[in-house]
Structure formats: C-alpha cells, structure tokens
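Report on the structure given below.
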Amino acid sequence: MSSNASSVGIVSAQRALFDTPLPLAGGTVLPSYELVFETYGQLNAAGSNAILICHALSGHHHVAGRYSEDDKAAGWWDNMIGPGKPIDTNHFFVVGVNNLGGCHGSTGPSSIDPATGQPWGSRFPVVTVPDWVTAQARLADRLGVARWAAVIGGSLGGMQALQWAINYPDRVANALVIASAPKLSAQNIAFNDVARQAIITDPDFCGGDFYAQGTIPRRGLRLARMLGHITYLSDDGMGEKFGRMLRSGEYKFGYDVEFEIESYLRYQGDKFSDYFDANTYLLMTKALDYFDPAKDYDGDLVAALQRATASFMVASFTSDWRFSPERSRETVKALIAAGKRVSYAEIESVHGHDAFLMTDEPYMNLMRAYLQRVAKEVAA
Amino acid sequence: MSAPASLRPDLQMIADWVTPRSRVLDLGCGEGDLLAWLQAHKQVSAYGVDFDVNNVVRCVAANVNAIQGDLEAGLAEFEDQRFDHVVLSQTIQAMHNTEQILLEMLRVGREAIVTFPNFGYWENRWQILKGRMPVSDDMPYQWYNTPNIHWCMLGDFDALCAKNGLRVVERVVMTGGRRVHFLPNLRGSLAFYRVTRG
C-alpha cells in the first residue's frame, strides 16, 4: 500500500458568492459575502451522504489533502478524513468551509468591503455561531445538500455542530460534538479576554484598522497564541515533551530563551502571527464567548435541545482542561434529559484540548465505529 | 442494524422482564448485547453505561447509545424517574458503593433489575468446606485477583432491600440457564431480582 492510499490527494479550494443579505445576531446585516470551501468524495444521487466539518478558532476550509505534490502540510484533519479513514471519503461527500469573519479566504475583517473599496477592519461586524450556521446552511443549499448525514466539529467546531442540530433539526442526521461545551465558563472567557487585550493593546493594532497603516499587531497576536497554546496542552503532556529541558544545557541568568518550552511557545507564536489576522482572532474568541444556545430558552439547555432530531456523539479527553470532560457531560446530561439518542466517550489522552486533532487509538476507533454506522444509514 | 438472534440465558431472563417500548438503562452494559436485542425485539429506547471506552466503541458500532462513566460515582447524568427499567447485571458484587447504586437505580428508574452470583450456592459452600475460596463459571477468579468484593446470598440481598424500604417484586434463581424453585439459596448459582420503591 502506498503512503497516499488513504489521502484524498491533491485538492483545491472553491468559492461561493452569496448576494442575499445575511442578518446577523448582532443586529447588522451583511449585504453580500463569499465563502471559501473544499469538498472531498462524491455526493450521492440522493444527496444524503454529505458531512460538514466545522472548524475551531484557528481552523479553516482546508481540512484534508494537499494543494500540490510538494505541499509540505496536509489539511488540518487529514488524519481523520480520506479513503479508508474514520471519515471515509469512499462513502461520504465531505465539506470543509472557512467561516465568515475568517482570514483564509471567506469574507472577513481583512477582506475588501465593496462599499468602500477598503479592508473592513474594525467595521467588520462580530458574527456568532448561529450566524455561521445560517451561512453554512446557505452553502448546503448551493451544494444540493438538503440534510447532512453528519455535522462534525471539535471545540468551537463542536459548538457549531450542536447549534446546527438545534437550528435546523430537519437538516442534521447526526451531530458529533468533540472536546466542546454548551457554553464557556468564566475562566474560559477570561483566557479569551487576556488574548484579546494582548492584541487590542498592541500599538500596531491601530484600533483594528492596521491594514491601511501597513502594520500587523504581531506582538499581540504572538502573546494571544502563546497563551492559547498553553491552555490547549496538558501539564503532563507539556512535561513529557519539554520538562525543564534547557536549550544550552545550563542556566544563563538572563531573560533570553533558555527553556525548551519558551522556545517552542515563541516559535508557535511567531509562526501564527505571520499568517493569522488579528481581527479574526478577536472575532472568533467573541463567537466562543457568546455561544450559549440555552440563552433563548431561559437558560434551559434541555429545552433548547428539545427540537433536535439528530443522533449525537459527544467525546471529551481526560487531560483537556480548557474544555474539560465535565463540560461535555453537561451536554450529554441535557441530551439524555431531552430524550435524544446520544453516546459519550471520555478518551484517555495526555494531549489536552489538542487531543481532538490527534490520533489516540480509542478516539479513532470511536469515530470509525460511529461513522461506519452513519455510512450504513446513508446506504440503507 | 443487526442484533443478536439469541441472548445469553441470564440476559434473556432479564430481557423477558422488560416491557416492550419502555425506557431502559443498562448499567455496566458491556458490548451492548442486551440493549441491541431489546431495541430489535422490544423496540425499547435505551442507554447503556460502561466504564471501558472499548465497550462504548462496540456499543456505538452496534447502534446502542452508550455513556462512558463510573457507576461508583453515581448516575448524575440521569434525571429522576427517567427510566422504566434500570438493569445491573452481575456487577453489584464488584462495586464499592453497593447500597448507593441500588438507591441511585431507583432514583432514575421505576424498577431495578439486579442480578448477581449467589454466594450461597452449594458448590461455593462445598469449596469453602474444603478450605478454599469458591471459584466457578459464574465466579471465575482467585481470591487475590477477584474484582468481586461484596459477596452476598439471597437472604443478604433481601435484607438490604428491606433496610431501604424497597419492595422485591419478583425473584428468580437459575443454575446453568435453568430456573431453580426448590431450595434456591442452596441450589441456585445466579439470582435475579426485580425491585421497586416501597
């Protein structure tokens, strides 16, 4: 078997322009917008085998495959999606989409506002998880997908899967909600605000309109990413990988990079600040903070989930403290109380929140087992 | 979805007690055999609970809802009186919080179905008389590696129910897949109880 046997191979992104105005939760209306997306596998004649992959904070539409033969990095969930992989493109038509407000090609703060000919910048409206789901539903219409066989996401992506099941009960057969939560805790919002403050107080941020100034709030983005990264790893995982290892083997008694963990975080921060848009980071963290599907139901999550008809799979990871198993259990408890079909697994992992992107064996087995079941439903 | 055509005799005994189209919770559901059968043959709506992630995966494959969880911690995921039947099959003798789980079962459900190996079975008594802890098909462990820490006989379980004001609706005792009517505490190796509140 060649090493490419389970890759979707060379892929390319597509664009869809929507000129029907999109009313947003925040009260404004986006007159028109573009979504960039990718698809893998074939949509069947009934249009019943489509799976939507919802991305998390820094994710995007490039979920699997490579853009060219010598492309070094594959899509961000390439380990999960492809022929013979748990989300098997031999059976499913898989769609990855960059959400509104993103910085990978869909309309967002760094896009040109057609009304002014300038980047949106600070004038780009805050969008929410329900707004994303509405935009994704329009893309589904465009693609001929009346009902998703499954909507799948980790973290902020899991929130979209949950919202889909609530907002479009007839259009989701299965919702897979991984390493997620029914709403953020105060601690989680606090982390997000520190990240936002790092960006907003960077003098190069220029109130969000840094594009015209030819600057990038690199320092802020870098700090935001470093902080975020700490919370995505577990103490044990970080200890295992870096411990107290020193780059040079001995203390220098100064403030330059000495410990390997410092070097790693700075590298991650630098890399991130090279490609990620500061306004998108702010927007994504706000979408996280605002997510609370129970809010429209007097805080009653059970009532919110009552309309869902999907079957659910909820998964969490033991060492994830940013979206801890207890938070997933809240979702599970509400789903059971609402009488919904749900399975829940708490996967043993040292990978912290990032575990949803990793390949811990029970996790891969769980995804495979669930999606084989979905494939049978679709074929039946 | 394919369900097993036949069940292990002890699981069949439990299945016979389950009302069609009822709501069932199976604690320590293993690979989901009982629930898959009940879904296929009695159209129940059901959840299983199991500690082992590999069992959750097998349940998912068998189209059985499974919640990974530790029964020792109680049944916090489940609301009061959510179920018609709550099953605990050959697990109670391995639990630390024996009394608590029994009460939890009757908090979340109308009826508890509890099965356990009867320590009073004559073969067990005989092995004890010979000077050794019992080892049998229903209790296949040595004293030093057994997960079974709370052994009881029929009378002990009756007493636990009485202490908590619980009502034993029905009791069946079996040996080798056959029902035992005469001298059950001596001749029965597996006990089956249906218990409700008062």
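In segment B:97-158, the inverse of the mean reciprocal separation of distinct Cα atoms equals 13.3 Å; this is its Kirkwood hydrodynamic radius.
Free of any GluC sites (Glu not before Pro) that DSSP assigns to a loop and that have at most 16 other C-beta atoms within 10 Å, the longest stretch within chain A is A:70-249. For segment B:1-57, taking Cα atoms only, Rg and Dmax work out to 10.7, 29 Å respectively. In a reduced charge model with +1 at each Lys and Arg Cβ and -1 at each Asp and Glu Cβ, segment A:1-110 shows a dipole moment near 140 debye about its Cα centre.
Taking 23 Å as the limit for the C-alpha separation, the pairs A:LYS295/A:LYS340; A:LYS183/A:LYS376; A:LYS85/A:LYS183; A:LYS286/A:LYS340 exceed it in the case of A:LYS183/A:LYS376; A:LYS85/A:LYS183; A:LYS286/A:LYS340. Shape class of segment A:31-85 from the alpha-carbon gyration tensor: oblate, with a/c at 1.5 or above and b/c at least as large as a/b.
In segment B:78-102, whose amide N lies under 12 Å from the spot 7 Å out along Cα-to-Cβ of B:ARG8? List them in ranges. Counting backbone N atoms under 12 Å from the label point, the list is B:89-91. With neighbour counts taken as other beta-carbon atoms within 10 Å, the residues A:CYS103, B:CYS59 rank, fewest first, as A:CYS103, B:CYS59. Each other residue within a Cβ distance under 10 Å of A:GLY220 adds +1 if Lys or Arg and -1 if Asp or Glu, for a net charge of +3.
Note on A:LYS241: lysines with a C-alpha under 25 Å away, same-chain residues under 8 apart excluded, are A:LYS72, A:LYS252, A:LYS271. Counting Lys and Arg as +1 and Asp and Glu as -1 over every other residue whose Cβ lies under 13 Å from the Cβ of B:GLN68, the net charge comes to -4. Cα convex hull, segment A:25-160: 125 Å³ per residue, rounded to a whole number. A simple charge model with +1 on the Cβ of Lys and Arg, -1 on the Cβ of Asp and Glu and nothing else charged puts the dipole of segment A:240-334 at about 220 debye relative to its Cα centre. Taking Cα pairs under 8 Å and at least six residues apart, what relative contact order does segment A:1-69 come out at, in percent? The value is 39 percent. The alpha-carbon atoms of segment B:40-198 define a convex hull whose volume equals 134 cubic angstrom per residue. For segment A:223-380, the calculated P(r) over all alpha carbon pairs, in 10 Å bins from 0 to the bin holding the longest distance, is 9, 25, 30, 22, 9, 3, 0 percent. Net charge around A:PHE323, counting only other residues with Cβ within less than 13 Å of its Cβ (Lys, Arg = +1; Asp, Glu = -1)? Charge balance near A:PHE323 sits at -1.
Checking the a/c ratio against 1.5 first, then a/b against b/c, what shape does the Cα gyration tensor give for chain A? Rounded is the answer for chain A, as its axis ratio a/c remains below 1.5.
For chain A, which span is the longest to avoid every loop-located (per DSSP) member of chymotrypsin sites (Phe, Trp or Tyr not before Pro) having at most 10 other Cβ atoms inside 10 Å? The segment A:1-250 is the longest one with no such site.
By the Kirkwood approach, averaging reciprocal distances over each pair of separate Cα atoms, segment B:156-198 gets a hydrodynamic radius of 10.9 Å. For the protein assembly as shown, the dipole from Cβ point charges (+1 on Lys and Arg, -1 on Asp and Glu) about the Cα centre works out to 1380 debye, to the nearest 20.
The simple Förster model, with R0 at 51 Å and r as the Cβ-Cβ distance, assigns A:ASP141 and B:ASP70 a FRET efficiency of 0.70.
Classify segment A:98-225 as rounded, prolate or oblate from the Cα gyration tensor: take a ≥ b ≥ c as the square roots of its eigenvalues, call it rounded if a/c is under 1.5, otherwise prolate when a/b beats b/c and oblate if not. It is oblate, given that a/c is not under 1.5 and a/b is not larger than b/c. Here each label is just a point 7 Å from Cα along the line to Cβ, and for B:GLN100 and A:SER32 those points are 6.3 nm apart. Find which of B:CYS161, B:THR146, B:GLY131 sits farthest along the positive direction of the dipole of segment B:130-172, computed with +1 on the beta-carbon of Lys and Arg, -1 on that of Asp and Glu, about the Cα centre. It is B:GLY131, whose Cα lies furthest towards the positive end.
Only helical runs count toward this figure. For the protein assembly as shown, summing -39,500 (n - 2.57) over DSSP H runs of n ≥ 4 and dividing by all residues gives -10000 deg cm²/dmol at 222 nm. Bridges between two residues of chain B, per DSSP, are antiparallel at a rate of about 50%. Relative contact order for chain A using alpha-carbon pairs under 8 Å, separation at least 6, rounded to a whole percent? 17 percent.
Here, each number is a calculation from the coordinates, and none is a lab measurement. Here the structure is a predicted model, which is why all the values come from computation and not from measurement. Cβ coordinates were reconstructed from backbone atoms using ideal geometry, including for glycine residues, and neighbour counts include every protein chain displayed.
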